[in-house]
Amino acid sequence: MKRFKLLGIVMLAVFAFAAVLAASASAATFLLAEWLVGGTAVSTELLTESIGELLLEDTSTPLGKADVLCSGNLEGWVGPNSLDWISEVLSLSGGAAGNTGLSGTALVCVNQMNCEEPLVWAAHLPWETEVELMEDTTVFFADLILPHSGGGQPGWEVECMKSLIGPITDECTGPEGAVSELSLEGTTLLGNFSTAFTELAGIKLATCSLGGENSGIVEGSAPVILNEGGELTASSEGVVS
C-alpha cells in the first residue's frame, strides 16, 4: 500500500513539474516597440511594400492537408507608436486582389497539395499591424497582424477550382491573423512567417471553415521595403533589430 501511495506522490510531482514547464514555455511577453528609419523614430506614415512568397495551408480538409503557394505584394505603411498597416494585396502583375471573398480579382497561386487551380483572396482587408518586442528565453521582434476597428478577422480565402471531390472553398482567419518574426538580412528587414514562431509567441493558428480550429498555417518570408528608400528597423528600449 505504501508503495502505491509513494508512486502516486511521485506521479503528482511529475505532473506538477510538467505543468510548470508548460506554463513557462508559453510565458512569452510582449512590449510595444517602434519603427526606425536610419536610426530615427518614425513620426509620420511612410509607404511600404513587401513582395514575397507565402505558403497557405489547411492541415485538415476532407482531402487531408491542402496547401497553395502564392506570390504577391503586401502594400501599406509604417507609422509612429508601433503601428503599421496593410491596405491591399497585389499580384505581381500589379492587380489588387478583391476583398469580398470569392469575387473580384484573385491571386493566382500554385497547387502544392490537394488544391488544383487555386484562387486566393485576402480576407477582411485592411489589416492593422503592430511591431512588438517579444521576450521568451531570448528576444525577438515580431509584427502582429490584427483586425482593424470594425473589421473582420484577418486571413485568407481559397477556392480550389478542381479537387478529387470537385470545387471547394475554404476561409482561414483568426483574431491575430498571423505573426511574423522580424530579422535583418544585411540592411533589409525581413518578415518571416512560421508555425514554430507562431507557437513560440503563444498565438493560435488560424481557424479554417474546412479544417476547424488551429488548422490554418502561414509559412514564408518577404522583405519590408520603404517606397522612398531608407533602412527600416525596429527598436524597444535600446534593443534594435
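When a/c is below 1.5 the answer is rounded, else prolate if a/b is larger than b/c, else oblate, so apply that to the range 137-177 with a ≥ b ≥ c taken from the square roots of the Cα gyration tensor eigenvalues.
Note, shape of the range 137-177 comes out oblate.
Under a point-charge model restricted to the Cβ atoms of Lys and Arg (+1) and Asp and Glu (-1), what is the dipole moment magnitude of the range 30-240 relative to its Cα centre, in debye to the nearest 20?
Rounded to the nearest 20 debye, it is 380 debye.
When the chain is fully extended, how far beyond the present Cα-Cα distance does VAL139 get from SER183, taking 0.36 nm per residue of separation?
Answer, rounded to one decimal: 14.7 nm.
With r as the distance between the Cβ atoms of GLU228 and GLU199 and R0 = 51 Å, compute the FRET efficiency 1/(1 + (r/R0)^6) and round to 0.05.
0.90
How far apart, in nm, are two points set 7 Å out from the Cα along the Cα-to-Cβ line at VAL110 and at VAL239?
In this crude label model, VAL110 to VAL239 measures out at 3.6 nm.
With each pseudo-label sitting 7 Å past Cα toward Cβ, what's the SER93-ILE165 distance in nm, one decimal?
For the pair SER93/ILE165, the computed spacing is 3.2 nm.
Fully extended, how many nm does the chain gain between LEU55 and ASN81 (0.36 nm per residue separation, minus their Cα-Cα distance)? Before the final figure, lay out the partial values.
Details: separation 26, 0.36 × 26 = 9.36 nm, distance 3.03 nm.
So the chain would gain 6.3 nm between LEU55 and ASN81.
Each reported figure results from applying straightforward, stated rules to the coordinates on display, with no laboratory input. As the structure is a prediction and not an experimental result, all values here were calculated from the model. In this analysis, Cβ positions are derived from the backbone assuming ideal geometry, glycine residues included, and neighbour counts consider all displayed protein chains.
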